[in-house]
Amino acid sequence: MTFDSMAIGAGPRATAREDADTRLDTRTLQQLDSAHFLHPFTDHGALGAKGARVIVRGDGIHVWDSDGHKIIDGMSGLWCVNVGYGRTSITQAVARQMDVLPFYNSFFNTTNVPAVKLAEKLAGLAPPGFEHVFFTSSGSEANDTALRMVWRYWQLMDQPERRIVISRRNAYHGSTVAGASLGGMTAMHAQGALPISGIDHIEQPNFAEHGRGLSEAEFGLLAADWLEQKVLELGPDKVAAFIGEPVQGAGGVIIPPQTYWPQIQRICDKYGILLISDEVICGFGRLGTWFGCERMGMRPDLIPFAKGVTSGYVPLGGVLVGERVARALVERGGDFNHGFTYSGHPVACAAALENLRIIEDEKLVERVARETGPHLKAAFARLANHPLVGHAESIGMAAGLNLVRRKGATVHDCEPFARDLAVGMVCRQHMFDNGVIMRAVGDRMIVAPPLVMTVAQIDEMVERIRLCLDLTLNDLRQRGWLD
Ligand code: PXG
């Protein structure tokens, strides 16, 4: 199929101008892209030399590039297209709302219908005790909002000296100044004198990295106790909150042992510390529950969310506010001096309402829990017998495997590749070239496919992954990087 013949975005209502845009060939698009478009987290010199892959269309679990290649989107866009591409009912809901009221603000005692309906809907879907929601347009803004809520809460509780938020190394909480500070990505901190004051980090609960000699259950308790040690070191009366992703996503699908979160909860309860469950990735069915905290056995006070709430069709995020914080903020807080032009954007809220209807009607959360999640787990477990794979883990519709130089009897006995070889990137290229998108986090290869992916499609995706692992193995041998 040629680019021209695809009529990308040029349905019957497309204008002449749109039509002309779709006729740009790949090389021209790449040149214009490189000349003008600064991409997130990208080395622009390298991108310019190589040219970006131009994605032009999506349908179901697939996307197409501008050269006509059909690719299984193993990453749901970027952890967000939970209901898959091409859902015209969302398009229609958005178009209807744009006709009726494309925008109105929710400052100055005003509101709008989709925002009201969505707030009520989210309160119904959230764990018990979450009756309020604050809307943003992204996950980063959601975490900024959570941080400002935490600080305001302790002010209202007459303990303003409780300011420190503890997070974890290798966590991802966004890219704004607060989001990057809360996150534990050292490469981000290094470029901006971050973290800002009042944010501290402990080690992540990564069994493969730190659990040598322990059972997973023992390691979970040990990793949680790092929080208690940090609280005691800082002084319990200085600690405001702990923030964590139920399962670390961007950090590489790091699945904590089952003992971890319940022990974190006990420590937060013991010292009265607020618990923030960053559900930007884990929310809306990713782990086979509506929210990841339900799967992990914790009772957070705040739940930042984004991505899956609209399946990425329109940007939307927010914070679900639990009883404890809501009581202070809503009942005795007065003005909360925080908010965004687009808080409660009617079009984004309309997209979310239709997206959530699809997730409910198609029972996608239940499907992940009972059918597709276990199937993906079994399929990834089988990949662990590949000569390049040290270990493989999976939870719900998220999975990861480690590429290793030599396999070992346990996860702790595998020999990794030298970091500077960037073996993960070699593997990722084979995946792209063979029609499946997998993300490389160092030498850990991860997927988080759309929740609509069927069992047969999981098999097809994993078959392709195995083929690409074989190609990577041969490639590495040819480069002389393997014995
Ligand atoms: N929290 C978590 C847990 C996230 O995963 C954010 C906050 C920030 O959301 P926004 O909407 O501001 O981007 C995220 C975003 C990756 C990758 O490479 C992951 C994210 C963003 C960009 C790249 O896996 N997650």
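Looking at LEU451, LEU473, just one residue is at pLDDT 95 or above, more than 22 Å from the chain's Cα centre (by Cα) and on the phi < 0 side of the Ramachandran plot, and that residue is LEU473. For the stretch 75-121, a residue qualifies if it is within 16 Å of the ligand (Cβ to nearest atom) and more than 28 Å from ARG23 (Cα to Cα), and the qualifying residues are TRP79, CYS80, ASN82. Going by the structure shown, is ARG327 more than 16 Å from the ligand (Cβ to nearest atom), in contact (Cβ under 8 Å) with a residue 60 or more places away in the chain and charged (D, E, K, R)? Taking the combined requirement at face value, the residue does not satisfy it.
Can you spot a residue in the stretch 303-320 that is under 26 Å from ALA95 (Cα atoms), away from the ligand (no atom under 16 Å from the Cβ) and among the aliphatic types (A, V, I, L, M)? Within the stretch 303-320 (the criterion being under 26 Å from ALA95 (Cα atoms), away from the ligand (no atom under 16 Å from the Cβ) and among the aliphatic types (A, V, I, L, M)), the answer is no, since none of the residues qualifies. Would you check which residues across the stretch 143-165 are of a type in the set (Val, Ile, Thr) and within 12 Å of the ligand (Cβ to nearest atom) and list them? The one that is of a type in the set (Val, Ile, Thr) and within 12 Å of the ligand (Cβ to nearest atom): THR145. Answer yes or no: is there a residue in the stretch 284-292 that is in contact (Cβ under 8 Å) with a residue 60 or more places away in the chain, within 11 Å of the ligand (Cβ to nearest atom), under 30 Å from GLU362 (Cα atoms) and open to solvent by less than 40 Å² (accessible area, probe 1.4 Å). Yes, some residue in the stretch 284-292 is in contact (Cβ under 8 Å) with a residue 60 or more places away in the chain, within 11 Å of the ligand (Cβ to nearest atom), under 30 Å from GLU362 (Cα atoms) and open to solvent by less than 40 Å² (accessible area, probe 1.4 Å). Just wondering, is there one or more residues in the stretch 19-28 that are aliphatic (A, V, I, L, M), open to solvent by less than 50 Å² (accessible area, probe 1.4 Å) and either modelled with pLDDT under 95 or under 22 Å from GLU460 (Cα atoms) (or both)? Looking through the stretch 19-28, none of the residues is aliphatic (A, V, I, L, M), open to solvent by less than 50 Å² (accessible area, probe 1.4 Å) and either modelled with pLDDT under 95 or under 22 Å from GLU460 (Cα atoms) (or both). Any residue in the stretch 166-188 that is part of a loop (DSSP other than H, G, I, E, B) and away from the ligand (no atom under 16 Å from the Cβ)? No, the stretch 166-188 contains no residue that is part of a loop (DSSP other than H, G, I, E, B) and away from the ligand (no atom under 16 Å from the Cβ). Restricting attention to the stretch 160-177, the residues being open to solvent by less than 10 Å² (accessible area, probe 1.4 Å) and on the phi < 0 side of the Ramachandran plot number 6. Only residues that are in a helix (DSSP H, G or I), of a type in the set (Asp, Glu) and either surrounded by fewer than 20 Cβ atoms within 10 Å (Cβ to Cβ) or over 19 Å from the mean Cα position of the chain (by Cα) (or both) were counted in the stretch 105-159, giving 1. Based on what the data block shows, is ALA217 within 16 Å of the ligand (Cβ to nearest atom), open to solvent by 10 Å² or more (accessible area, probe 1.4 Å), of a type outside the set (D, E, K, R) and over 23 Å from TRP154 (Cα atoms)? In short, no. The set of residues from the stretch 404-450 being away from the ligand (no atom under 16 Å from the Cβ) and either within 16 Å of ILE61 (Cβ to Cβ) or assigned to a strand (DSSP E or B) (or both) comprises ARG406, GLU415, ASN434, GLY435, VAL436. State whether the residues of the stretch 264-274 include one that is crowded, with 21+ Cβ neighbours inside 10 Å, farther than 29 Å from SER394 by Cα and not basic (Lys, Arg). Checked against the condition, which is being crowded, with 21+ Cβ neighbours inside 10 Å, farther than 29 Å from SER394 by Cα and not basic (Lys, Arg), the stretch 264-274 yields at least one hit.
Do we have SER343 as at positive phi and either outside any loop (DSSP other than H, G, I, E, B) or among the polar types (S, T, N, Q) (or both) here? The answer is no for SER343. For the stretch 307-340, the set of residues classified as under 30 Å from GLY60 (Cα atoms), open to solvent by 10 Å² or more (accessible area, probe 1.4 Å) and either outside the structural domain of TYR153 (by TED's automatic domain parsing) or outside any helix (DSSP H, G or I) (or both) consists of GLY312, TYR313, VAL314, PRO315, listed by residue number.
Would you be able to say whether some residue in the stretch 246-258 is assigned to a helix (DSSP H, G or I) and away from the ligand (no atom under 16 Å from the Cβ)? No, the conditions are met nowhere in the stretch 246-258.
The values are calculated or read from the model by the stated rules, or taken from the named source; none is laboratory data. Since the structure is predicted, the reported quantities are computational estimates derived from the model, not experimental observations. A quick note on method: Cβ atoms are made from the backbone with ideal geometry, for glycine too, and the neighbour counts reach across all protein chains shown. Remember, those area values only see protein heavy atoms, side chains included, never the ligands or the DNA or RNA. Shrake-Rupley method; radii C 1.70, N 1.55, O 1.52, S 1.80 Å.
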